[in-house]
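J.: What follows is a single structure, and I will ask about it in a moment.
The values are calculated or read from the model by the stated rules, or taken from the named source; none is laboratory data. If you're wondering where the values come from, they're calculated on a predicted model, not measured in any experiment. All Cβ positions, glycine included, derive from the backbone under ideal geometry; neighbour counts span all protein chains shown.
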Amino acid sequence: MPSSSLFFFLSFVALFSALGVVLAKNPVHSVLFLILTFFSLSGHYLILNAQFLAAVNIIVYAGAIMVLFLFVIMFLNLNADTEPHKSALSKVAAAVAGGLLLVVMVAALRDVQPGTTYNAGVFNSQIGMVSQLGMILYTKYLLPFELASVLFLAAMVGAVMLGKREVGERNF
């Protein structure tokens, strides 16, 4: 299978499963679609010669994070009967947030040149390897890397606070 057809196949799977994440009624099915999305994105990383990112994406996201999501979904015991209905204000806020995301994506992709060609003479085959990734991550992107760790710490504290039982509450 040539690289371009594999790219289009993985792109189709990624888009289909991403839509499945959003449109699935059952939260567990949504998580399973998200795992399929992560696997197709790992296939894209392999096409781009970023084997380390592909392996980390499968191990960390499709493995650990999805287990965490399933645990949270089962812990919260979500179902349609007990979920409160969303107000019109929250629906409008969601539509505005989605529209702003679209504007940001259009602005980010505004200067993309789709007609550029591949030049094998200047291609660096080490671009996706661990040494290059570590060098860039800990020099150029050190501040965003540290901010992400603070964000993960805040998420862990939030998960502990959500999971904390009130006095006299029973989970049985």
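J.: Which ones in segment 133-172 are farther than 30 Å from Ile73 by Cα and modelled with pLDDT under 80? Working first, answer last.
T.: Step one: filter segment 133-172 for residues farther than 30 Å from Ile73 by Cα, giving 133-143.
Of everything in segment 133-172, just one residue is farther than 30 Å from Ile73 by Cα and modelled with pLDDT under 80, namely Leu133.
J.: Further, regarding this structure: Out of Val13, Val60, I need the residue that is part of a helix (DSSP H, G or I) and closer than 24 Å to Met156 by Cα. Which one?
T.: Details: Val13 fails: closer than 24 Å to Met156 by Cα.
Result of the check over Val13, Val60: Val60.
J.: Moving on. Mind listing just one residue for me: the one in segment 1-53 that is touching a residue at least 12 places away in the same chain (Cβ under 8 Å) and among the aromatic types (Phe, Trp, Tyr) and, of those, nearest to Ile73 (Cα to Cα)?
T.: Phe33
J.: Shifting gears a bit: Might you let me know whether segment 76-89 holds any residue that is assigned to a helix (DSSP H, G or I) and within 19 Å of the chain's Cα centre (by Cα)? Give the derivation first.
T.: Step one: of segment 76-89, the residues assigned to a helix (DSSP H, G or I) are 76, 88-89.
Restricting the remaining residues to those that are within 19 Å of the chain's Cα centre (by Cα) gives none.
No - not one qualifying residue is present in segment 76-89.
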